[in-house]
Amino acid sequence: MTHHLSIPLFAALALASCSSAGQPGAEAQPGHAPSAALATEAAPPPPAGQEVAIFAGGCFWCMERPFEEQDGVISVLSGYTDGDVEGPSYEDVSSGRTGHAEAVRVLFDPARVTYAELLEVFWHNVDPTQANGQFCDRGTQYRSGIYPISPEQRRLATESLARVRQTIPGTIATEIHDATAFWIAEDYHQDFHRTHPVRYTEYRLGCGRDAQLRRVWGDLAGH
C-alpha cells in the first residue's frame, strides 16, 4: 500500500521515537517493579525442549511482530540486555548510561524452527550498516546485535554475519556478543503492536523503518 502523507503530518510522525512514543500515559499503564531493589526481572531459563534466541534491532516494539509470525516461535519478550547494571528500568536504559540494548528474547521450538532461520528474520528487520542506533532512534541503546547463548549459536551467528557482508554494501555495524542477563521490560512495552496498533503504526511510519528496510533488503525486507 502506498501512503500519502502531508508534509506537516509526516514531520510530526518523524519526530516520534521509541523512547517518546512509549511513555505510559492515558493509553498505557506503567509496569511495576518486581522488588524494591530492581526495576525489572531477569528472564528465567527456557523450559525443557525449548530454546532461546536474543536479538537487538533498535526499538524493541518493531522486533516482536516479525518473530511472532514465524512458525515455531512460542513467545517473544521485549527487554534489555548486554548492559552493566542489574534490573534496569526503561528510563535507565533510555539514558544510554547503562550499556544495555533494547532487545527481544525469542522462545522457540527447535523441532519446528531453527536458530539459522531466526537469524534470517533478524537480518531482514534491521539495517546492519547503521551504527549507534537504528532508523530514527539514535544511541547505543538502539544498536543492532546478536547475543548467542551457546557456542553453536555463536558459530551460526558468525557465519550469517559473513554472508551478510557479502550480500549488502557498506560496513556491517551489527555486533555479536555472548548473551548476558535479559531483563524483561515493563508491562506496557510488551506486545505494543497489539495493544496500541495506531500509535505503533504512526511510530513505525514516522521513523522510516519500512522504507529503509526496503532500500537495504529489497523484496526480502521485513515488516
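At a glance:
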{"item": "Residues of region 15-35 satisfying the condition of being part of a loop (DSSP other than H, G, I, E, B) and either of a type in the set (Val, Ile, Thr) or modelled with pLDDT of 50 or more (or both)", "result": "16, 17, 22, 23"}
{"item": "Residue 184 vs. criteria β-branched (Val, Ile, Thr), touching a strand residue (DSSP E or B) at 6+ places or on another chain (Cβ under 7 Å) and surrounded by fewer than 18 Cβ atoms within 10 Å (Cβ to Cβ)", "result": "no"}
{"item": "Region 186-223 - residue that is free of Cβ contacts under 8 Å to residues at least 24 places away in the same chain and among the acidic types (Asp, Glu) and, of those, nearest to residue 164 (Cα to Cα)", "result": "219"}
{"item": "Residue in region 106-127 that is surrounded by the fewest Cβ atoms within 10 Å (Cβ to Cβ), counting only those that are in contact with a Leu (Cβ under 6 Å, 6 or more places away or on another chain) and assigned to a helix (DSSP H, G or I)", "result": "116"}
{"item": "Helices (runs of 4 or more DSSP H) lying entirely in region 133-223 (those with 2 or more residues that are within 20 Å of residue 107 (Cβ to Cβ), out of contact with any helix residue (DSSP H, G or I) (no Cβ under 9 Å at 6 or more places or on another chain) and small (Gly, Ala, Ser))", "result": "none"}
{"item": "Filter pass, residue 56 being part of a loop (DSSP other than H, G, I, E, B), in contact with a helix residue (DSSP H, G or I) (Cβ under 9 Å, 6 or more places away or on another chain) and of a type outside the set (Ser, Thr, Tyr)", "result": "no"}
{"item": "Residue match in region 128-142 (condition: surrounded by fewer than 19 Cβ atoms within 10 Å (Cβ to Cβ), farther than 26 Å from residue 207 by Cβ and at pLDDT 95 or above)", "result": "no"}
{"item": "Check on residue 81, more than 23 Å from residue 208 (Cα to Cα), hydroxyl-bearing (Ser, Thr, Tyr) and touching a residue at least 40 places away in the same chain (Cβ under 8 Å)", "result": "yes"}
{"item": "Identity of the residue in region 61-105, of a type in the set (D, E, K, R) and not in a helix (DSSP H, G or I), that ends up farthest from residue 46 (Cα to Cα)", "result": "97"}
{"item": "Residue in region 148-170 that is closer than 16 Å to residue 64 by Cα, touching a residue at least 24 places away in the same chain (Cβ under 8 Å), touching a His at 6+ places or on another chain (Cβ under 9 Å) and not polar (S, T, N, Q) present", "result": "no"}
{"item": "Some residue of region 52-66 being surrounded by fewer than 13 Cβ atoms within 10 Å (Cβ to Cβ), under 26 Å from residue 126 (Cβ atoms) and at pLDDT 95 or above", "result": "no"}
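The values are calculated or read from the model by the stated rules, or taken from the named source; none is laboratory data. Because the structure is a prediction, the values reported are computed rather than measured. Cβ sites come from the backbone with ideal geometry, for glycine too, and all protein chains shown count toward neighbours.
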